[in-house]
Amino acid sequence: RRTEVPASASGCPVDHSRLTSPTGCPVSANAAAFDPFTGPYQEDPPGSLRWSRDEEPVFYSPELGYWVITRYEDVKAVFRDNETFSPANVLEKITPFGDEANAVLAKYDYAMGRTLVNEDEPAHMPRRRALMEPFTPPALAHHEPMVRRLVREHVDRFIDRGKAELVDEMLYEIPLTVALHFLGVPEEDMDTLRKYSVAHTLNTWGRPAPEEQVAVAENVGKFWQYAGKVLDKMREDPSQPGWMQYGIRLQPEMPDIITDSYLHSMMMAGIVAAHETTALAATNAIKLLLENRTLWEEICADPSLIANAVEECLRHSGSIIAWRRVATKDTKIGDIEIPEGGKLLIVNTSANHDERFFDEPDELDIRRENASDHLSFGYGSHQCMGKNLARMEIQIFLEELTTRIPHLELVPDQEFTYLPNTSFRGPERLWVQWDPAKNPERTNPEILDRQLKIKIGQPSKRSLTRTMEVREVVAEADDIVRITLADVHGRQLPTWSPGSHVDLELGELSRQYSLCGDPADRSSYQIAVLKDPESRGGSRFVHEQLSVGDTVPMRGPRNHFKLDSDAERYLFIAGGIGITPILAMADHARREGKDYEFHYCGSTRSAMAFLDRAVRDHGDRLVLHVSDEGTRLDVESLLAEPREDTQIYSCGPQRLLDALADATAHWPEESLRVEHFSSDLGELDPEKEHAFDLKLADSGITVRVAADQTVLAALRAANIDVPSDCEEGLCGSCEVGVSEGEVDHRDKVLTKSERALDNKMMTCCSRACGSALTLEL
Ligand code: HEM
Ligand code: FES
């Protein structure tokens, strides 16, 4: 299975021919050379493990004594199964201390125990459930004004200076203050706890040299003692706000779940969980965006991009780059056997750069649609409880800096240093500079009133706009213009499939247009727009106001009208401007060498867009139906004979679609597919709906869905991330797997036969028929 490299061949002094893993597998040269404390892993963690993702996604590191897991699917699977892969070791010291340092810890009665992150079932879930409420979006909303005030005050201190080291002056301090407030630490104890907290990282995830160990242990011991004192003080008045007080208040009701050991350990571990993770993630994000200047400028111009930019930065350069588990039984990951007791280093950052899951993973793309599928917050029943507090903090940092110092830049040629450890990553210093004379608030103090409404939770894809420039406007037919759009910064556009549309924001209006150009062309998109006398403004705006050089915000592309590639034969029927998606479909069928027939209906030739292109490219397969030439389509005779092998795709006026629906009544179900731009879902009527439970298989919790609530809303209120876009049952982005229960499907995405399987559902609109559903979440 593995390549053995004898010592002489690799030039390495270690005799690899004698290195084997605990299961007897020989250790490859790359695996033997893996050292997470120095060299390539410290310089570029995901890049240094590319070889592993490609060749050896699960390997044993003799240097560390851990199995290292590097691919997205494997990392996620390990997170998901917290019974086979216990988190008991996540707060263990990765480099065991020597006797002297251990004696120091003993002197302070140091006894870090199980908190949440390192607790096994069945103790963990009841504790997590009991302590979740303060992390839900409505509870977190109370902290937003404090975070914003802190950021404002810190920026005020340096904004007129023109140069700052952001870690020291803001990014370290604020998440710590927020963490201490969130936990409920009294103001007077904040400074002392602040002093001790850094020792913990090095203690747990670093490799302090023997002479440093004693000093680290002293600090850790004092931190432990002080945490105990603060806790005692909190117990004196547990009515105060704070997550620790919330736990103290619950203790009498559930003494076996909220134990004394839990409270003392969490008092210390909670600071680290909430502080350094967020401080480092914010530092990484600001550094990354300033290094990718056009992206920084884009978020300055359009702050609605910030929420997804935060996710993309967490994906690209998260602050927790590796986490741990220990196998509770002999098991396998892929074809590699892991023995009981085997320790695992699961490298989240490598998973986040796995090209098997993320396209162009090394690129920073703030509009990446699946950015929030990153594993930087872990996954499953231990997934970070504080993720939405962290997201909120990083969003506010970016929002304030891009508003107040958009001309911020990195001080050139600075060297970035990192605290050498396996898991926490972010530069220790981040020097930035700007010209204070250009601070926008000097000439326009009103910018300080601009405040974005922070959406707590996972960002919506709806916020992902891209600024497009109109490159060409051409009269395509009577009252129809063809418009070519390109990214204003000249960047490549996302790929699209036939049937896709984009949403253009035209003044106050948002309008959807199907793409009809060449999908292989990543530099521009084409749409065609009919001037509609009934127009509520969209088509009139395009015809009367849009000209070459204008910019338009665009969302998408997205596809609610997908071509089923398994069909043997297609029948395409376009009416009028409905040609746009149909032409893209017919082009695709031709390129793929599929059997198809293409009917194009119009009132008169001069009003039929793309007529020459359709005739040129589709030859005999194309049948034109032109009313004023007396060749109107006879729907009934065309569809008289039902065919099992044929799928019909149509777009056009409603009366054409109605006629097709009638004429295909005797065809196999799902033969006719039409474009849906809007849905007929109304508001949920609690009189007609019923409440039900969602059992979440991966997270181990049950979530109640109220009669007037969507499944999506109930999941989000319970801190479970589910992506969404249209929230009208049209786009498919909120799909989740269903393993038990009957679904009341209300979307327009799934076909009848997919619905019948009941193995997936659209959470934005579909519900349970009965009293419960089990979801793969
Ligand atoms: C757990 C990362 C911020 C509280 C975790 C885990 C990771 C993580 C990787 C383990 C997940 C797993 O085992 O599946 C991060 C990152 C943060 C962040 C990258 C910032 C960017 C916070 C904040 C808080 C917090 C601000 C508290 C206010 C927790 C708690 C757990 C946890 C309580 C344990 C959950 C459990 O085991 O049930 N976090 N975290 N985290 N985090 Fe965070
Ligand atoms: Fe679009 Fe649910 S979000 S189908």
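The values are calculated or read from the model by the stated rules, or taken from the named source; none is laboratory data. Fair warning: this is a prediction, and the values are worked out from it, not measured in the lab. Glycine gets a Cβ as well: all are built from the backbone with ideal geometry, and neighbour counts include every protein chain shown. SASA here: full protein model, heavy atoms, side chains in, ligands and nucleic acids out. Shrake-Rupley method; radii C 1.70, N 1.55, O 1.52, S 1.80 Å.
Overview of results
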| read-out | value |
| --- | --- |
| Where only alpha carbons of the chain are counted, the Rg and the Dmax (Å) | 29.5, 99 |
| Fully extended contour minus Cα-Cα distance, from ASP658 to PHE416, at 0.36 nm per residue | 80.7 nm |
| Beta bridge orientation in the chain: antiparallel %, DSSP, nearest 5 | 70 |
| Sequence-separation-based contact order of region 201-324, relative, with Cα cut under 8 Å and 6+ spacing, percent | 18 |
| Sites ASP680 and SER497 - FRET efficiency at Förster radius 25 Å, r taken between beta-carbons, to 0.05 | 0.50 |
| Surface accessible to a 1.4 Å probe, THR484 within the full protein complex, Å² | 10 |
| Angle between the chain longest axis and helix 579-591 axis [Cα atoms, degrees, rounded to 10] | 80 |
| Degrees, to the nearest 10: 187-205 long Cα axis against longest axis of the chain | 80 |
| Formal net charge of residues neighbouring GLU675 (Cβ-Cβ distance under 13 Å; K, R +1; D, E -1) | +4 |
| Global geometry of region 631-679, whether rounded, prolate or oblate, following the gyration tensor of its Cα atoms and the 1.5 cut on a/c | oblate |
| At most 15 other Cβ within 10 Å, DSSP loop - trypsin sites (Lys or Arg not before Pro), region 499-563 | ARG522, LYS531, ARG536, LYS562 |
| Check: region 700-759 dipole with +1 on Lys, Arg Cβ and -1 on Asp, Glu Cβ, in debye | 60 |
| Heavy-atom accessible surface of the chain: percent carbon and sulfur, 1.4 Å | 48 |
| All aspartates and glutamates inside 16 Å of LYS332 as judged from Cα atoms, apart from same-chain residues fewer than 8 positions distant | GLU56, GLU73, ASP74, ASP81, GLU83, GLU340 |
| Contact order relative to length of the chain, as percent, for alpha carbon pairs under 8 angstrom and 6 or more apart | 11 |
| Cross-link partners of LYS453 among aspartates and glutamates (Cα-Cα below 12 Å; sequence separation of 8 or more within a chain) | GLU144, GLU399 |
| Spin-label model distance (nm) - VAL623 vs ARG605, 7 Å beyond Cα toward Cβ | 2.0 |
| Probe 1.4 Å, protein heavy atoms only - accessible area per residue of the chain in square angstrom | 42 |
| Shape call, region 461-589: gyration tensor on alpha carbons, a/c limit 1.5 | oblate |
| Over the chain: helical MRE at 222 nm, DSSP H runs n ≥ 4 each giving -39500 (n - 2.57), nearest 500 | -10000 deg cm²/dmol |
| Spatial separation of Cα centroids for region 293-360 and region 362-388, in angstrom | 7 |
| Check: region 60-140 dipole with +1 on Lys, Arg Cβ and -1 on Asp, Glu Cβ, in debye | 300 |
| DSSP-loop trypsin sites (Lys or Arg not before Pro) across region 109-184, with at most 15 other Cβ within 10 angstrom | ARG161 |
| Helix 306-316 axis, angle to the chain major axis (alpha carbon atoms, nearest 10°) | 60 |
| Beta bridge orientation in region 579-716: antiparallel %, DSSP, nearest 5 | 40 |
| Prolate/oblate/rounded label for region 397-462 (Cα gyration tensor, a/c 1.5) | oblate |
